[in-house]
DNA sequence: TCGTAAATTTAGCCATGGCTTAGTTTATAC
DNA sequence: GTATAAACTAAGCCATGGCTAAATTTACGA
């Protein structure tokens, strides 16, 4: 093992490693959040499309996600397998109860993050982009902290 | 197309859809961030291990990520292919210049998010977990907003 | 009604990143 | 110095989620 530099020693003091299992747990949470990410993005988007346009077509879902139609279709098939949506061949996409309630929860979370970012002075364009990425990784506790700040005047 | 309910009409007013290409862009940013996520997690962890323990062994990387050794090894191989790390068979793992500078940037970002969460009243345990997920999805603009709040008394 | 364009599906490609099982190398302890 | 344990690699499995190209179905306008 090479000797430790002064700098390294300093950083090791200031920023000690976590316990291995606590750190592993944090990464596990991220990986799990990650698995739900695309599911949440899809149901949220589908719900928005149904609300604004009366129906959710694959072509529109793909366009708004910025991916090809077959890619979107493949994921929609998974969502159907997992009970979030229903749709018959060549028809538009509907949310199940399960899908709708996940969509509602996701949108709520998304909105809190978005409004919070605006509140602390982030521009609208950046708030839109960052909230899309951040929404899947904030716990209820953090959301509550965000809500307190939103509501504070 | 089915008729729109009163509720839906209301929500459509309050939360209009974004432009398709702006929305697609936001998702593209998330997907790209996503591709960098594991790279950043690895180099940051490897750097921390080198600093605290003098070297980074695969067994430790795997343990702290909470995944199997072969899984960690496969990703390390990718990182080597992409020029972030070097390592010879059965030896410990080193960061290249490129890897080291990414690690530094990631740690900085991670620390800002972590400290910010503490500052707004999130518990230490939650701040550790959430910062792990959030760090990859905050823009420089948002980080600056976080820094302002951290520095504000 | 019928031809064409748009939407959707199918098939098959690729990379990532999990996993297990089994083999190899290294390090250690006796 | 050698046996054993620990660390690592190899091989091969799986699901996800991108892609393209080609086939099919639907919808629409002339």
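Here are the numbers for the structure shown:
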| read-out | value |
| --- | --- |
| Shielding by other protein chains, A:49-55, mean Cβ within 10 Å | 5 |
| Copy-to-copy label separations for residue B:21, where each label sits 7 Å from Cα toward Cβ, in nm and ascending | 5.3 |
| Inter-probe distance in nm under a simple model that places probes 7 Å from Cα toward Cβ, at residue A:15 and residue B:104 | 1.1 |
| For residue B:8, inter-copy label distances in nm, listed shortest first [label point 7 Å out on the Cα-Cβ vector] | 6.2 |
| At 7 Å out from Cα toward Cβ: residue A:34 inter-copy label distances (nm, ascending) | 1.1 |
| Size-normalised alpha-carbon gyration radius of the protein assembly as shown, reference 2.2 N^0.38 Å | 1.10 |
| Degrees separating the helix A:20-53 axis from the principal Cα axis of chain A, which is the longest one | 30 |
| GNM top mover of B:25, B:82, B:55 - chain B, alpha-carbon springs below 10 Å | B:25 |
| Among A:76, A:46, A:120: highest mean-square fluctuation, GNM of chain A, C-alpha pairs under 10 Å | A:120 |
| Evaluated over segment A:17-87, the Cα radius of gyration and Dmax, each in Å | 15.9, 52 |
| Sequence-separation-based contact order of segment B:23-151, relative, with Cα cut under 8 Å and 6+ spacing, percent | 23 |
| Nitroxide proxy distance, nm - points 7 Å out along Cα→Cβ at residue B:123 and residue B:36 | 3.2 |
| Residue of chain A nearest the A-to-B rotation axis [by Cβ], rounded angstrom distance | A:134, 3 |
| GNM result for chain B, Cα springs below 10 Å: residue of B:40, B:63, B:19 fluctuating most strongly | B:19 |
| For segment A:25-151, average projected area of the Cα convex hull in nm² | 8.6 |
| Segment A:78-153: C-alpha pair distances exceeding 17 Å, % | 54 |
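Values quoted throughout were computed directly from the atomic coordinates according to the rules given, and no laboratory measurement underlies them. These figures come from a predicted structure and were not determined experimentally. FYI the Cβ positions are ideal-geometry reconstructions off the backbone, even for glycines, and counts take in every protein chain you see.
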